[in-house]
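The values are calculated or read from the model by the stated rules, or taken from the named source; none is laboratory data. Values in this document were obtained by computation on a predicted structure and should not be read as measured data. Methodologically, a virtual Cβ is constructed for each residue, glycine included, from the backbone with ideal geometry; neighbour enumeration extends over all protein chains shown. Accessible surface is based on the protein model in full, side chains and every heavy atom, while ligands, DNA and RNA are left aside. Shrake-Rupley method; radii C 1.70, N 1.55, O 1.52, S 1.80 Å.
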Amino acid sequence: QVQLVESGGGLVQAGGSLRLSCAASGTMFSITHMGWYRQTPGKLRDMVALSIDGGNTDYADSVKGRFTISRDNAKNTVYLQMNSLKPEDTAVYYCNARVRLNVLSREYDYWGQGTQVTVSS
């Protein structure tokens, strides 16, 4: 039973900043990847930023240079620092984690409930 809970969304003006947090809880053997995705009405859920095995990161082209993903493995928490926000960043942001539940299991993807980010012009 794994749960991801996001927080930190809200309403900001263009050029402002927000910091999203996502904490994973439950019985887990390990977390391999954590990342952030976003979705707007009528659109597919798109990758924003990923924290990958070995400490690597990956970003969508639209957020490079503005967003930074970081991870606290001791707390099973991932963050997304969003700077220089634009109206087109408005979306529901979802946390994702790839989790191994025990030493014998395969990995599974889990999703948070989403947090709304709205950027006004």
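Considering LEU44, LEU11, the condition of being open to solvent by 60 Å² or more (accessible area, probe 1.4 Å), among the aliphatic types (A, V, I, L, M) and part of a loop (DSSP other than H, G, I, E, B) is satisfied by LEU44 alone. A single member of THR68, THR40 is of a type in the set (S, T, N, Q) and within 12 Å of the chain's Cα centre (by Cα), and it is THR68. Considered as a group, the residues in segment 14-30 that are part of a strand (DSSP E or B) and over 14 Å from the mean Cα position of the chain (by Cα) include one that is nearest to GLN113 (Cα to Cα), and that residue is SER25.
The residue that is farthest from the chain's Cα centre (by Cα), among those in segment 98-111 that are open to solvent by 80 Å² or more (accessible area, probe 1.4 Å) and not aliphatic (A, V, I, L, M), is ARG106.
Looking at this structure, is LEU50 more than 23 Å from SER120 (Cα to Cα) and either of a type in the set (Asp, Glu) or in contact with an Asp or Glu (Cβ under 6 Å, 6 or more places away or on another chain) (or both)? Yes. Of the residues contained in segment 47-59, none is found to be touching a residue at least 24 places away in the same chain (Cβ under 8 Å), over 10 Å from the mean Cα position of the chain (by Cα) and surrounded by 12 or more Cβ atoms within 10 Å (Cβ to Cβ).
Within segment 69-97, restricting attention to residues that are without any contact (Cβ under 8 Å) to a residue 60 or more places away in the chain and over 24 Å from TYR108 (Cβ atoms), which residue is surrounded by the fewest Cβ atoms within 10 Å (Cβ to Cβ)? Only one residue tops the list, namely GLU88. Check whether at least one residue in segment 71-79 is touching a strand residue (DSSP E or B) at 6+ places or on another chain (Cβ under 8 Å), modelled with pLDDT of 95 or more, of a type in the set (A, V, I, L, M, F, W, C) and not in a loop (DSSP other than H, G, I, E, B), and report yes or no. Checked segment 71-79: at least one residue is touching a strand residue (DSSP E or B) at 6+ places or on another chain (Cβ under 8 Å), modelled with pLDDT of 95 or more, of a type in the set (A, V, I, L, M, F, W, C) and not in a loop (DSSP other than H, G, I, E, B).
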